Amino acid sequence: MKLPSTTSKLLALQEATNAELCVRLGEIFKRYRGLAFVGRNDNLFTEHWTPDVAAAGYDFEGFELKGAMIVLYGVENACGFIYRISIALPLDLIDDAAATEAYFQRQYAERKAEHDLVATTPGSTNSPAI
């Protein structure tokens, strides 16, 4: 790869690359942001929202590389408060849409199973009355 010869052109290249990267990562975030709410255990939440509905107001804010993972951050401004969520995926899946889909579907299934296990465990706060 041949880089621009001037600093100003290099800065322009960085800005254009970052803008395109944010668009692509924002699409991934928008599609899978509901994962941040899967497994919530409080009754008030589960009575009023699904994970996808709860995440609907969050917009992509940025990303961070953490070792072999990429963390996507979202933000929602509501009623004077700023709420933040994040989802993460292995960096090596980022270019493979089918593998990304499979990864997030596994995450949904695992978190849902954990939530269901906690909800039916005797002595937990969400267990059915006996």
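Annotations
- Summed over region 63-105, residues that are open to solvent by 80 Å² or more (accessible area, probe 1.4 Å) and of a type in the set (Val, Ile, Thr) total 1.
- Test: residue in region 21-31 that is on the phi > 0 side of the Ramachandran plot and surrounded by 13 or more Cβ atoms within 10 Å (Cβ to Cβ): no
The values are calculated or read from the model by the stated rules, or taken from the named source; none is laboratory data. Computed from a predicted model, the values in this text were never measured in an experiment. Note: ideal-geometry Cβ built from the backbone for every residue, glycine included; neighbour counts use all protein chains shown. Ligands, DNA and RNA are stripped out before the accessible areas are found, and what is left, the full protein with its side chains, is counted by its heavy atoms. Shrake-Rupley method; radii C 1.70, N 1.55, O 1.52, S 1.80 Å.
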